[in-house]
Amino acid sequence: MARVLLKNVTKKFGEVTAVKNLNLEIKDGEFMVLLGPSGCGKSTTLRMIAGLETPTEGEIWIGDSIVNDVDPTKRNVAMVFQSYALYPHMTVFGNIEFPLKMSGVPKEERIKKVKEVAEFLGIDTLLNRKPNELSGGQQQRVALARALVREPQVFLLDEPLSNLDAKIRTQMRFELKKLLSYELGITTVYVTHDQVEAMTMADRIAVMNKGILQQVGTPDEIFYKPKNTFVATFVGSPPMNLIEGEIVEKDGNSIFETEHFSLKLPNNVPKGKVILGFRPQHVEISQSMKDNFIKGTLLGVEKLGVENFGHIGYGDVEIVIRLPEDIKITKGEIYWRPERNRIYLFDLNSRETIYG
């Protein structure tokens, strides 16, 4: 096993900067998820670690060595792609065996290793089949087996579950985490745009946007202590509500004022123009007016089974709140307020967190 260290790494494609001054450490045995929207630089980062792309600036370390100029085949990393990239003309056995064969491993040892890893992943009964005879989940296991049979120091996965249906994806999230973290302890870098995958699988998450690292932390740190509005709205479903307004002092109280409503906040909050943030799950609801509650009109309800979310409109601003199970209304007046210990304030210009 080995740690991975990226020091001041920048990658440019002509005039386009795909990754900008990235500093990130993936600890030995850690399951690190690179999370962000399409085009944020996460796959480019993964490809630089693998050696498929060369950094324009900066250093990439694997273990105790700089690998900028090391051939991909000599880095002792294994990569699984979104498409799995299985050879259609080869059997499952041939696909798993291929990297060992290319490395000159003796035939008897190849057979032994292929059978061991196939049994470990529960695909030992599929060794004589071709990829087109397999389900999506089975193909994914073959791709994993082909990578694992090399016994890599670092495991790189680029959106490996995106081609699977929802039920299999949920199952494979658990199996992958169990296999790579708990059973093998392999240093893993996992790329996804799916924040549910990131939250459920990662030891730590590195959130990226437009080639820039926004925040690194545990799933709880990313969810409960976002560093800016991008992280706050990208992680969490539905996204965090953001409302622009001004905090003023009235009669010894800190009041958040907007064109449509006012809200009393804790007295220690900073004054001035800010963005107020709160998650839909962190709202108190009432069907009658109470102290410091805000009156709203429920425009409609998203029924999601276990949770129902109401939409309330204030001019151009629409907020989303989770509705308690005992509230059955779908339209009409409703009263709400964010939980006092679950509010966030962001600087209006930098959009960085200043409270919460």
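The values are calculated or read from the model by the stated rules, or taken from the named source; none is laboratory data. All values reported here derive from a predicted model rather than from experimental measurement. Quick reminder, even Gly has a Cβ in these numbers, built from the backbone with ideal geometry, and neighbours come from all protein chains shown. These accessible areas exclude ligands, DNA and RNA; they are computed on the full protein's heavy atoms, side chains included. Shrake-Rupley method; radii C 1.70, N 1.55, O 1.52, S 1.80 Å.
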Quick one: how many residues across the range 284-304 are over 24 Å from the mean Cα position of the chain (by Cα), of a type outside the set (D, E, K, R) and farther than 18 Å from E257 by Cα? 10
Condition (residue is small (G, A, S), modelled with pLDDT of 90 or more and part of a helix (DSSP H, G or I)) applied to the range 57-77: is it met by at least one residue? no
Filter pass, P99 being exposed (fewer than 11 other Cβ atoms within 10 Å of the Cβ) and out of contact with any Phe, Trp or Tyr (no Cβ under 9 Å at 6 or more places or on another chain): no
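Test of understanding: among V306, V274, V320, V248, which residue is β-branched (V, I, T), part of a strand (DSSP E or B) and without any contact (Cβ under 8 Å) to a residue 60 or more places away in the chain?
Only one candidate qualifies: V248.
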When only residues in the range 323-356 that are on the phi > 0 side of the Ramachandran plot and not in a strand (DSSP E or B) count, which is most open to solvent (accessible area, probe 1.4 Å)? R351
Can you pull out every residue in the range 7-31 that is crowded, with 22+ Cβ neighbours inside 10 Å and within 20 Å of the chain's Cα centre (by Cα)? V19, L22, I26, F31
